[in-house]
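Remarks on the structure that follows.
The values are calculated or read from the model by the stated rules, or taken from the named source; none is laboratory data. Since the model is a prediction, treat every value here as computed from it, not as a measurement. Glycine gets a Cβ as well: all are built from the backbone with ideal geometry, and neighbour counts include every protein chain shown.
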Amino acid sequence: MRTIRWGIIGCGDVTEVKSGPGFYKGRNSTLTAVMRRNGDLAADYARRHNVPRWHDDAEAIIRADDIDAVYIATLTDTHCDYAARCAAAGKPVYVEKPMAMDHRQCLEMIEACRRHGVPLWVGYYRRALPRCLKVRELIEDGAIGPVRLVRSLQYQRLPDAAVLADERNVPWRIDPAKSGGGLFFEAVCHTFDFLDYLFGPVVEVSGIAANRAGAYRPEDTVAAAYRFESGVIGSGAWCYAADHDLEFNEIVGAEGTLTFSTSLPVPIRLVRRGGEVTEFPVGDPPHVHQPLIQTIVDELNGTGTCPSTGESGARTAWVMDRILEGFRAQAR
């Protein structure tokens, strides 16, 4: 069994705990080199994580003979370009979510990887997260009977006023030029991707998005309705200008209801017909990307398959585009 040697392009905050350690703590996996445009920060990361070397130029990662696969953890506006460059160099690609700025770019990434014969995976790690897999297991085992409906709800308070006041340093998650949208676009793609994993592709979707608070440019309030290929119907509402924080998903079946969080490791709640309540407290691992990274390593070694592909990631991008298309058209 060979050891997969990884390089990271963009060793920023997400790589500190959520993803980076998963590349050197997993089976048959090691982190060979990291890159960040700020060389001092790249050197510091390499020192703290015991990575053999660092670079301030992505080409040093892309062209390295001792790197087998590349994790792209830069801002969303660079994903498409870096993925194409890695593919052209024959390097398998694991790219952060959102996969790209829009569905069109996702298709370009898929085509580039197909053309050069390399696999493409996307960082929708909930497809391998034990807590989310427990939700899938309960549904498949018939805990709530045939699924009829899924509903998602999220409220979140606005960012601190001092953060929003500095127009020269807008947080990237609310800068559409860097992220592709706002907090909805950057975060709720995780929910839609996992629902795709549970119920299959969304085939019909409509949405309304608005900026109600006027605190920043992109969407802050969104509502949507959708239908999965499997026949399950879904809806959701998300407000990032609310007075408190709340987030959950509810799956309604013929014989019960499941409630779980996309973002928090709170217990999964099963309510059966008649009111019987069972909770499943499944925590998250220290490095939430690690289970998905392991599926990629296993796939590269021919002993497994990663469930989060470019194709599944592109389906999620298509859903997000359809929900936001009216708002984006008005914002142009």
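Would you confirm whether or not the stretch 261-269 contains a residue that is under 25 Å from the mean Cα position of the chain (by Cα) and part of a strand (DSSP E or B)? Within the stretch 261-269, one or more residues are under 25 Å from the mean Cα position of the chain (by Cα) and part of a strand (DSSP E or B). Take the residues in the stretch 71-85 that are in contact with a helix residue (DSSP H, G or I) (Cβ under 8 Å, 6 or more places away or on another chain) and free of Cβ contacts under 8 Å to residues at least 40 places away in the same chain, then tell me which one is nearest to A187 (Cα to Cα). My answer is H79. Screening D44 with (1) outside any loop (DSSP other than H, G, I, E, B); (2) under 12 Å from A73 (Cα atoms) gives one miss only, at (2). Candidates in the stretch 148-189 are the residues that are farther than 9 Å from P218 by Cβ, at pLDDT 85 or above and among the polar types (S, T, N, Q); of these, the one that is surrounded by the most Cβ atoms within 10 Å (Cβ to Cβ) is Q154. Just one of the numbered conditions (1) outside the structural domain of K178 (by TED's automatic domain parsing); (2) farther than 18 Å from Y124 by Cβ is not true of I293: (2).
Can F228 be described as within 20 Å of the chain's Cα centre (by Cα) and modelled with pLDDT of 95 or more? Yes: the conditions hold for F228. Within the stretch 64-91, the set of residues being under 22 Å from E299 (Cα atoms) and either surrounded by fewer than 20 Cβ atoms within 10 Å (Cβ to Cβ) or of a type in the set (K, R) (or both) comprises A64, D65, D66, A84, R85, A88, A89, G90, K91.
Those helices (runs of 4 or more DSSP H) of the stretch 129-190 in which at least 1 residues are of a type in the set (K, R), considering only elements entirely within it, cover 130-140, 176-179.
Results for (1) farther than 30 Å from G253 by Cα; (2) at pLDDT below 95; (3) not basic (K, R), shown as yes or no for each residue.
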{"position": "G39", "(1), (2), (3)": "yes, no, yes"}
{"position": "R47", "(1), (2), (3)": "yes, no, no"}
{"position": "D57", "(1), (2), (3)": "yes, no, yes"}
{"position": "A60", "(1), (2), (3)": "yes, no, yes"}
{"position": "T78", "(1), (2), (3)": "yes, no, yes"}
{"position": "G145", "(1), (2), (3)": "no, no, yes"}
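Among the residues of this structure, E204 does not count as one that is in a strand (DSSP E or B), of a type in the set (D, E) and under 28 Å from K18 (Cβ atoms). So, of the residues in the stretch 212-253 that are closer than 22 Å to R332 by Cβ and among the charged types (D, E, K, R), which turns out to be surrounded by the fewest Cβ atoms within 10 Å (Cβ to Cβ)? Of everything passing the filter in the stretch 212-253, R212 is surrounded by the fewest Cβ atoms within 10 Å (Cβ to Cβ).
Any residue that is at pLDDT 95 or above, of a type in the set (F, W, Y) and farther than 24 Å from M1 by Cα - is there at least one of those in the stretch 22-33? No; the residues of the stretch 22-33 include none that is at pLDDT 95 or above, of a type in the set (F, W, Y) and farther than 24 Å from M1 by Cα. Within the stretch 43-68, the residues that satisfy the criterion of being of a type outside the set (D, E) and under 17 Å from G22 (Cα atoms) are Y45, A46, R47, R48, H49, N50, V51, P52, I67. Within the bounds of the stretch 191-211, is there any residue that is farther than 22 Å from A314 by Cα and either surrounded by fewer than 20 Cβ atoms within 10 Å (Cβ to Cβ) or outside the structural domain of V150 (by TED's automatic domain parsing) (or both)? Within the stretch 191-211 (the criterion being farther than 22 Å from A314 by Cα and either surrounded by fewer than 20 Cβ atoms within 10 Å (Cβ to Cβ) or outside the structural domain of V150 (by TED's automatic domain parsing) (or both)), the answer is yes, since at least one residue qualifies. Does A100 qualify as being within 25 Å of F228 (Cα to Cα), within 19 Å of the chain's Cα centre (by Cα) and not assigned by TED's automatic domain parsing to the domain that holds I233? So A100 passes the test. Of the residues that sit in the stretch 44-63 and are in contact with a Cys (Cβ under 9 Å, 6 or more places away or on another chain) and more than 11 Å from A89 (Cβ to Cβ), which one is surrounded by the fewest Cβ atoms within 10 Å (Cβ to Cβ)? Residue satisfying both the conditions and the ranking: H49. Being part of a strand (DSSP E or B), closer than 21 Å to E140 by Cα and not hydroxyl-bearing (S, T, Y) is the requirement here; does I251 meet it? It is true that I251 is part of a strand (DSSP E or B), closer than 21 Å to E140 by Cα and not hydroxyl-bearing (S, T, Y).
For the stretch 1-25, the set of residues classified as surrounded by fewer than 22 Cβ atoms within 10 Å (Cβ to Cβ), in contact (Cβ under 8 Å) with a residue 40 or more places away in the chain and in a loop (DSSP other than H, G, I, E, B) consists of M1, R2, G12, V17, K18, listed by residue number.
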